[in-house]
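Engineer: Below is a structure I'd like to ask you about.
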Amino acid sequence: QVQLVESGGGSVQAGGSLRLSCVASRRTFSNYAVGWFRQAPGKEREFVAGVSRSGGITDYAESWKGRFTISRDNAKNTVDLQMNSLKPEDTAVYYCAARPTGVPVTTPREYPYWGQGTQVTVSS
């Protein structure tokens, strides 16, 4: 079992940046691949970015490639999502999720552990 807590969300104008952080409760967090997902109102939850348990492999959904960067620090049990050049369509609740395997995948149901989410609102 691993508990995840996100932070760093907020309101920002278009073109701005936010850095989301996901902190895990478990010391063996380095055994888990982590994904960041988002859910906009009325939409399904979708994959944004993922990182392997070592941090050596990252994956991004096409919509956010080049603007968002995922990174992890296993010594601190954290996975961050740096979001730059934000757009109004980036507005959503962002979730981090963990799965006890080596690499991230894009399917939400493959992740058994989820945080509570953090709201990101981008105004034009």
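Engineer: Using amide H atoms built in the peptide plane, which far-off residues or other-chain residues are under 5 Å from ILE57 H to H?
Structural biologist: Answer set, sorted by chain and number: SER52.
Engineer: A follow-up question, please. Name the long-range amide H neighbours of GLN3: under 5 Å, sequence gap of 5 or more, or other chain; modelled H, no Pro or chain starts.
Structural biologist: SER25, ARG26
Engineer: Shifting gears a bit: Would you mind working out the accessible area per residue for the chain, using a 1.4 Å probe, and quoting it in Å²?
Structural biologist: Solvent-accessible surface per residue comes out at 50 Å².
Engineer: Continuing with this model, one more query. Determine the relative contact order of the stretch 66-123: mean sequence separation of Cα pairs under 8 Å and six or more apart, normalised by residue count, in whole percent.
Structural biologist: 34
Engineer: Between LYS87 and GLN3, what's the calculated FRET efficiency when r is the beta-carbon distance and R0 is 41 Å? Round to 0.05.
Structural biologist: Computed FRET efficiency for LYS87 and GLN3 comes out at 0.85.
Engineer: According to the square roots a ≥ b ≥ c of the eigenvalues of the Cα gyration tensor, what is the shape class of the stretch 41-89, taking rounded for a/c under 1.5, prolate for a/b larger than b/c otherwise, and oblate for the remainder? Walk me through the intermediate numbers first.
Structural biologist: Values: a/c = 2.01, a/b = 1.79, b/c = 1.12.
Because a/c hits 1.5 or more and a/b exceeds b/c, the stretch 41-89 counts as prolate.
Engineer: Give me the dipole magnitude in Debye, nearest 20, for the chain about the Cα centre, with unit charges on the beta carbon: positive for Lys and Arg, negative for Asp and Glu.
Structural biologist: Values: 14 positive and 10 negative charges, 57 e Å.
In total the dipole reaches around 280 debye.
Engineer: Rounded to two decimal places and with Rh computed the Kirkwood way over Cα pairs, what is Rg over Rh for the chain?
Structural biologist: Numbers: Rg = 13.3 Å, Rh = 14.1 Å.
Rg divided by Rh gives 0.94.
Engineer: Between VAL103, ASN84, SER124, whose Cα lies farthest towards the positive end of the dipole of the stretch 27-124 when Lys and Arg beta carbons carry +1 and Asp and Glu beta carbons carry -1, centred on the Cα centre?
Structural biologist: In the stretch 27-124, that residue is VAL103.
Engineer: Continuing with the same structure: Once the dipole of the stretch 1-73 is set up with Lys and Arg at +1 and Asp and Glu at -1 on Cβ about the Cα centre, which of SER63, VAL23, PRO41 lies farthest towards its positive end?
Structural biologist: Going by the Cα projections, it comes out as VAL23.
Engineer: Given the convex hull over the Cα atoms of the stretch 1-54, what projected area results after averaging over all orientations, in nm²?
Structural biologist: 5.0
Engineer: Starting from the Cα of SER124, step 7 Å along the direction of its Cβ; do the same at LYS65; then give the gap between the two resulting points in nm.
Structural biologist: Result for the modelled spin labels: 2.7 nm.
Engineer: Taking only C-alpha pairs under 8 Å that are 6+ residues apart, what is the relative contact order of the chain in percent?
Structural biologist: In percent, rounded to a whole number, it is 37.
Engineer: Next question, about the same structure. Carbon and sulfur: what percent of the stretch 18-87's accessible surface (1.4 Å probe)?
Structural biologist: Working: 1490 of 3460 Å².
For the stretch 18-87, the apolar C and S fraction of the accessible surface comes to 43 percent.
Engineer: Right, something else. Could you pull out every one of the lysines with an alpha carbon less than 23 Å from that of LYS43, ignoring same-chain neighbours closer than 8 positions?
Structural biologist: LYS65, LYS87
The values are calculated or read from the model by the stated rules, or taken from the named source; none is laboratory data. It should be emphasised that the depicted structure is a prediction, and the values quoted were computed from it without experimental measurement. Glycine also receives a Cβ, built like all others from the backbone with ideal geometry; neighbour counts cover every protein chain displayed. In case anyone asks, the SASA skips ligands and DNA or RNA and just uses the protein heavy atoms, side chains included. Shrake-Rupley method; radii C 1.70, N 1.55, O 1.52, S 1.80 Å.
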